[in-house]
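A.B. asks: Have a look at the structure that comes next, please.
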Amino acid sequence: MTQSPLGRVIVTVSHYPKYMPVESVDHLLEGIEGAATRELVASSAPFIRVVAGPGAGKTYALKLRVKRRVREGMDPKRIFVGTFTRAVARALTKDFSAEENEEPPVVGTLHKLALGILKDHPAALKGRIPMFLLRHETECMLADIGPDVGGDMNDRKNWMKQLEADWSRNDPLGEAAFEGAVDRWLRSHRAMVIGEVVPIVGHGIETGDIPGGLFDEVVVDEFQDLTKAEQDLIRRIWSGPEAGSLVVLGDDDQSIYAFRHAHPEGIRGWHENFGTAEFHDIAIPENRRSLPDIVDLANSMMQTLGATKGPMVPVRAGDAHVAKIYWNTLVEEVSGIADAIQAISTSGRAIHVLVTRRFVGHDLRRLLENREVSATTSFHEELLATAAVKRAFTLLSVAANPTSRFALRAWLAFHPTQDRIPSDRNYEPYTTLIAEEDIGIDLLQRLVSGDVAVGGTGSTLLKHQAELLLERLAALDGVDSEAVVQDVLGGNALALCDEGTRVEAARDLSELREGTLSILESNEGNLRETMEEVRYRIANRIPLIDLEDEPTVEIMTLYGAKGLEADIIFLVGMADEMFERDEDGKYDPEDGRLVYVAVTRARDILVISRPQQMDYSVARRNYVRESSGQVRTVDGAKVLNLTHPNFVPAAGTQRGDEWRAQWLGSPPA
């Protein structure tokens, strides 16, 4: 009996050899530092749990473990490496293919694997169509099922969240009437909700519609960020201990996806979830990525947050540049950070800027581009924030697939002459329109011609929307796919925007257009396949552009940095008010873990920056939190005071202008 690093008593399997006695494995172990890392590569225990913090070298060890299994004769198609991060999946696949010169193992997210399994076993779908609703389309569904389920729109949104949470936990639904109404609407509109995929596959394996035991060796990283349904599916796709091992890696100190219903308890209660008390526990405390000063800061943060494991041990030697700075205003902060980045932009070093809010990143990118510094933003998860961009995306979806019932439904929910979506989504005339016939282009043509009548609030709006769609589709008829994308996602999409949303909509529209064109090129001009891929990526918060050559500067949210690393990391806009609090005003511990993950992306240089105040109208427009007494007037302008976040140690903080002068005078090596 031994004590696990997560505080549970476990039994280490002793009747399996710790290392496989084969020459090829010995060769793989040459040069690997750290006994725990060597164990990860070579252990043949049937159940293995690895607790490893940031920068532990897991990706390299996983690659060697897979190489070992293949050299021992295991079919690569029977090996699954699950990674939460798409960038890691690409790196593992590329490296293995290049070095082994043969077919790589199955590498990717568990959700992508589940979707592939469904496509191979369509009977498990029970007639469902794997086309995924986005948020504005889901709201159309909730409007339409209102008469059947009751409640107002906020009630139905909350019920939908609960339904998705139940899916993620593999729990039976408490309100069958709501589930039934959702299921009927999805079937009639040939759509699915993204959260259904994994539970459907799990159920299909249980019922025999999908074969279980698809893989002999299953290795899953970031186990704490998977839902319970995903963790349960891992057990079902594994063939068992006779053929290979089931390996999970994780660290609940890095659990940051509660909003996705992540189940960090799964890695703590491993034996309960997988029905075994016998497994091999491996702890890797080393951090091989960051210099000691960065590791020390991260350890201090986690002690404050109540870490569940011991501190990381730095492996690299050297002095890091770690700065905690503040500026008078947000405008000064963005300008000062742009100065610092410009000074080192030609160094050839990877620079990631992690921002608390999108608007901060957009302002920084604009300044850098004005100075001819290459910079790319990666805010894919929020591209459809404005009505104008939603409208353009919906039109392009219909142009790509005029038979898409849910896209047609979404189009009819817009206001034809205003940049908004009516609160009821025009559901009354829509439900009368489809009472006796499925939605389709032919039905809209009959509506416009007067052969079909509709009733209820919004009838005129709905008919005008149908007329507008038919006009736009006629104008696009015969136009090649690239021109269609350029037209629909061009500047004309902003015609109805007011001053308050035009800037944000223009930025998002540009990023959506750029990403869609990139995917269109890879799909050889097939617009329908392109829009299906764009939809899937947005639904799963996957970047629309796969960058082969990293830009000089990549700007993303704190969440976007998961699984990445860079020589230089800037954390910008790090004011306490940029983070949410619960109803009692308490900090969400996940915010602290999020910053911990962001800090540990840095190899050599870490800058944590915040403003002391910002324009009040900017703060309100971007939903920055405010407390009593924080709003004041300075030089005739209303501003919001901002404070230091409590999960970042304040010791050693300096003024931004002083730091900037030092940086520009002697940029860090």
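The values are calculated or read from the model by the stated rules, or taken from the named source; none is laboratory data. Small disclaimer: the values here were computed from a predicted structure and weren't measured. All Cβ positions, glycine included, derive from the backbone under ideal geometry; neighbour counts span all protein chains shown.
A.B. asks: Name the residue that is farthest from the chain's Cα centre (by Cα), counting only residues in segment 268-291 that are modelled with pLDDT of 80 or more and over 30 Å from Asp319 (Cα atoms).
C.D. replies: His280
A.B. asks: Only one of Ile538, Ile545 is of a type in the set (Val, Ile, Thr) and either in a helix (DSSP H, G or I) or out of contact with any His (no Cβ under 9 Å at 6 or more places or on another chain) (or both). Can you tell me which?
C.D. replies: Being of a type in the set (Val, Ile, Thr) and either in a helix (DSSP H, G or I) or out of contact with any His (no Cβ under 9 Å at 6 or more places or on another chain) (or both) holds for just one of Ile538, Ile545, which is Ile538.
A.B. asks: Is it fair to say Glu658 is of a type in the set (D, E, K, R) and touching a helix residue (DSSP H, G or I) at 6+ places or on another chain (Cβ under 7 Å)?
C.D. replies: Taking the combined requirement at face value, the residue does not satisfy it.
A.B. asks: Something else about it: Can you tell me which residue within segment 491-507, out of those that are of a type in the set (A, V, I, L, M) and more than 17 Å from His362 (Cβ to Cβ), is surrounded by the most Cβ atoms within 10 Å (Cβ to Cβ)?
C.D. replies: Top of the filtered list is Ala493.
A.B. asks: Applying the selection to segment 294-339, what residues are assigned to a strand (DSSP E or B) and over 24 Å from Val50 (Cα atoms)?
C.D. replies: His321, Val322, Ala323, Lys324, Ile325, Tyr326, Trp327, listed by residue number.
A.B. asks: Hey, does segment 278-288 have a residue that's aromatic (Phe, Trp, Tyr), outside any loop (DSSP other than H, G, I, E, B) and either in the same structural domain as Lys161 (by TED's automatic domain parsing) or touching a Pro at 6+ places or on another chain (Cβ under 8 Å) (or both)?
C.D. replies: Taking every residue of segment 278-288 in turn, none turns out to be aromatic (Phe, Trp, Tyr), outside any loop (DSSP other than H, G, I, E, B) and either in the same structural domain as Lys161 (by TED's automatic domain parsing) or touching a Pro at 6+ places or on another chain (Cβ under 8 Å) (or both).
A.B. asks: Restricting to segment 461-478, name every residue that is farther than 20 Å from Thr394 by Cβ and at pLDDT 95 or above.
C.D. replies: Within segment 461-478, no residue meets the criteria.
A.B. asks: Residues of segment 393-433 being among the small types (Gly, Ala, Ser) and assigned to a helix (DSSP H, G or I), which ones?
C.D. replies: Within segment 393-433, Ser397, Ala399, Ala400, Ala407, Ala410 qualify.
A.B. asks: What residue, of Asn646, Asn641, Asn622, is assigned by TED's automatic domain parsing to the domain that holds Asn328, farther than 30 Å from Gly348 by Cβ and at pLDDT 90 or above?
C.D. replies: On inspection, the qualifying residue turns out to be Asn641.
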